[in-house]
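Asks: Please see the structure below; I have some questions.
The values are calculated or read from the model by the stated rules, or taken from the named source; none is laboratory data. Remember, it's a predicted structure, so these values are computed and weren't measured experimentally. Every residue, glycine among them, receives a Cβ derived from its backbone with ideal geometry; neighbour counts consider all protein chains shown.
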């Protein structure tokens with residue numbers, strides 16, 4: 001059973017988050033509502049005008065930058081890596097992304113759930 005079907009079967013509704021990332025900053029791409037944890041089941045990355053890397057991190061009070069994954073992004077290419085499921089163990093913990101390139105804009109599209 002896929003992670004998507006598991007959470008749908010438990011009555012959770014899927015949520016889609018789209019975030020624009022500019023510069024080489026670390027930005028929150030998903031901050032759950034109070035008392036919830038984030039479960040990411042799908043990811044699409046829309047590349048900017050230059051190649052580089054994009055990394056994703058869980059953040060909470062005990063471990064502010066636990067890296068989940070890092071991907072090489074070719075300029076102007078959209079891709080959807082097979083991630084299975086990223087499940088945050090921290091209630092209220094956000095997911096952050098950081099891109100290595102300083103020019104242009106990159107978009108990330110995350111689909112998943114917020115659960116207790």
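Asks: Which one of the conditions (1) modelled with pLDDT under 85; (2) more than 14 Å from residue 43 (Cβ to Cβ); (3) buried (at least 16 other Cβ atoms within 10 Å of the Cβ) does residue 62 fail to meet, given that it meets all the rest?
Replies: For residue 62, the exception is condition (3).
Asks: Next question, about the same structure. Which strands (runs of 3 or more DSSP E) does the range 63-116 wholly contain that include 3 or more residues that are touching a strand residue (DSSP E or B) at 6+ places or on another chain (Cβ under 9 Å) and over 15 Å from residue 21 (Cβ atoms)? Please lay out each step first, then the result.
Replies: Details: elements: 66-73, 94-99, 105-115.
Passing ranges, in order: 66-73, 105-115.
Asks: So which residues in the range 98-113 are out of contact with any helix residue (DSSP H, G or I) (no Cβ under 7 Å at 6 or more places or on another chain) and either surrounded by fewer than 16 Cβ atoms within 10 Å (Cβ to Cβ) or at pLDDT 90 or above (or both), if there are any at all? Break it down into steps so the answer makes sense when it comes.
Replies: Taking the range 98-113 first, the residues out of contact with any helix residue (DSSP H, G or I) (no Cβ under 7 Å at 6 or more places or on another chain) are 98-112.
Correct list: 100, 102, 103, 105, 107, 108, 109, 110, 111, 112.
Asks: Also, quick follow-up: Given (1) under 24 Å from residue 5 (Cβ atoms); (2) touching a residue at least 24 places away in the same chain (Cβ under 8 Å); (3) more than 12 Å from the chain's Cα centre (by Cα), where does residue 82 come up short, assuming only one miss?
Replies: (2)
Asks: Still on this structure, I have one more. Scan the range 29-45 for residues that are surrounded by 12 or more Cβ atoms within 10 Å (Cβ to Cβ) and assigned to a loop (DSSP other than H, G, I, E, B) and jot them down.
Replies: First, the residues of the range 29-45 that are surrounded by 12 or more Cβ atoms within 10 Å (Cβ to Cβ): 29-32, 36-45.
Selection gives 31, 32, 36.
Asks: Being surrounded by fewer than 16 Cβ atoms within 10 Å (Cβ to Cβ), in contact with a strand residue (DSSP E or B) (Cβ under 6 Å, 6 or more places away or on another chain), modelled with pLDDT of 85 or more and in a strand (DSSP E or B): is that true of residue 55 here?
Replies: Details: surrounded by fewer than 16 Cβ atoms within 10 Å (Cβ to Cβ): no; in contact with a strand residue (DSSP E or B) (Cβ under 6 Å, 6 or more places away or on another chain): yes; modelled with pLDDT of 85 or more: yes; in a strand (DSSP E or B): yes.
No.
Asks: Where residues in the range 4-28 are more than 20 Å from residue 97 (Cβ to Cβ) and surrounded by 11 or more Cβ atoms within 10 Å (Cβ to Cβ), which of them is nearest to the chain's Cα centre (by Cα)? If you could, list the steps in order and put the result at the bottom.
Replies: Going through the range 4-28, the residues more than 20 Å from residue 97 (Cβ to Cβ) turn out to be 4-13.
Narrowing the set further to residues that are surrounded by 11 or more Cβ atoms within 10 Å (Cβ to Cβ) leaves 4, 6-8, 12.
On the way: 4: 15, 6: 19, 7: 18, 8: 19, 12: 18 Å.
Checking each candidate, the answer is 4.
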